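Reviewing the structure listed below.
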Amino acid sequence: MKKVITLPIIFILAISIQAQSSYKVIKVNGSIQYVRTGSSMALGDEFAETETLTFGSPSARAAVINPGKGRFILTPESAGKLSGAKSNFLPARSNISTRGGALNSMNDVQNQFSEAIAIIYIASWHLNPYQFQMDENKFFFLQFQYNGEQINKKLSFEGNNLIFSREEILKVDDEAIQNLDKPAASLYYYSADGPQYISEFDLIFPEMELLKSEAGIILEEFSNMDYSRKVNELSGYLFEFYGKPDKEDVMLFLEKDFGLKK
């Protein structure tokens, strides 16, 4: 009788231990291969923590997740040993810092738009109306390359909220475009004094179907987490693998594409 009971317990424990030490792949940047099979790591793969891997370059990395341990960034153990070495599981961001209040000065705006920005649907930032008035004659615009040409794109505003709309920005001569030639974009403020250069940064528009698949894995693995944790985890993931997001934009994405509301 004891043997009949013991075997299922051992079996259950083995499955539990395996689940705790396995990870699911959210995204791969660069080339990572499984030494055991020679196949390339891809979105949706599940692999053991002890899996031996070969990284195609020192910068190759992957976003991976375990429901009990959280999200991690998988990197090579060292730049000098990319094949057959132990992998690093670096803790991922579960949140991103957000600025409270308005962007009050030129320095504030330059700091905000000094690193990659990710736009899913629409993002906005409140600017000090005394420092940056916005109307038909005073406004912000982007400068970027599309189809080999320089494009100047006037940005929308609502009150004194500066708006980055994916739909509006990705439209040239009233025709929708897929993306910019390259992510580099420059931000300017136009007034009676003419255009004033502010900063250059990477403007990232994630490919929507791919992002839905990546976000779906995060949400599935964290299905028991509360809404705020899901928003924070997805925001942190976007920041690490795309660019800094607007949390309101992340919340809109969760509502429109996954039916999740606060």
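State whether the residues of region 53-68 include one that is hydrophobic (A, V, I, L, M, F, W, C), in contact (Cβ under 8 Å) with a residue 60 or more places away in the chain and assigned to a strand (DSSP E or B).
Yes, the conditions are met somewhere in region 53-68.
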Those residues of region 129-141 that are under 24 Å from residue 243 (Cα atoms) and surrounded by fewer than 18 Cβ atoms within 10 Å (Cβ to Cβ) come to a total of 1
Those residues of region 53-95 that are modelled with pLDDT under 90 and on the phi > 0 side of the Ramachandran plot come to a total of 1
Of those in region 60-75 that are under 13 Å from residue 28 (Cα atoms) and in contact with a Pro (Cβ under 9 Å, 6 or more places away or on another chain), the residue surrounded by the most Cβ atoms within 10 Å (Cβ to Cβ) is 61
Considering residues that are touching a residue at least 40 places away in the same chain (Cβ under 8 Å) and surrounded by 16 or more Cβ atoms within 10 Å (Cβ to Cβ), the number found within region 220-230 is 2
Is region 181-192 home to any residue that is out of contact with any Cys (no Cβ under 8 Å at 6 or more places or on another chain), assigned to a strand (DSSP E or B) and without any contact (Cβ under 8 Å) to a residue 24 or more places away in the chain? no
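One line per residue, one yes/no per condition, for (1) more than 12 Å from the chain's Cα centre (by Cα); (2) surrounded by fewer than 20 Cβ atoms within 10 Å (Cβ to Cβ):
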residue: 176; (1), (2): yes, yes
residue: 212; (1), (2): no, yes
residue: 216; (1), (2): yes, yes
residue: 232; (1), (2): no, yes
residue: 237; (1), (2): no, no
residue: 260; (1), (2): yes, yes
key: Residue check for residue 165: of a type in the set (Gly, Ala, Ser), without any contact (Cβ under 8 Å) to a residue 60 or more places away in the chain, in contact with a strand residue (DSSP E or B) (Cβ under 9 Å, 6 or more places away or on another chain) and within 24 Å of residue 239 (Cβ to Cβ)   = yes
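The values are calculated or read from the model by the stated rules, or taken from the named source; none is laboratory data. The structure presented is a predicted model; accordingly, all values stated were derived computationally and were not measured. In this analysis, Cβ positions are derived from the backbone assuming ideal geometry, glycine residues included, and neighbour counts consider all displayed protein chains.
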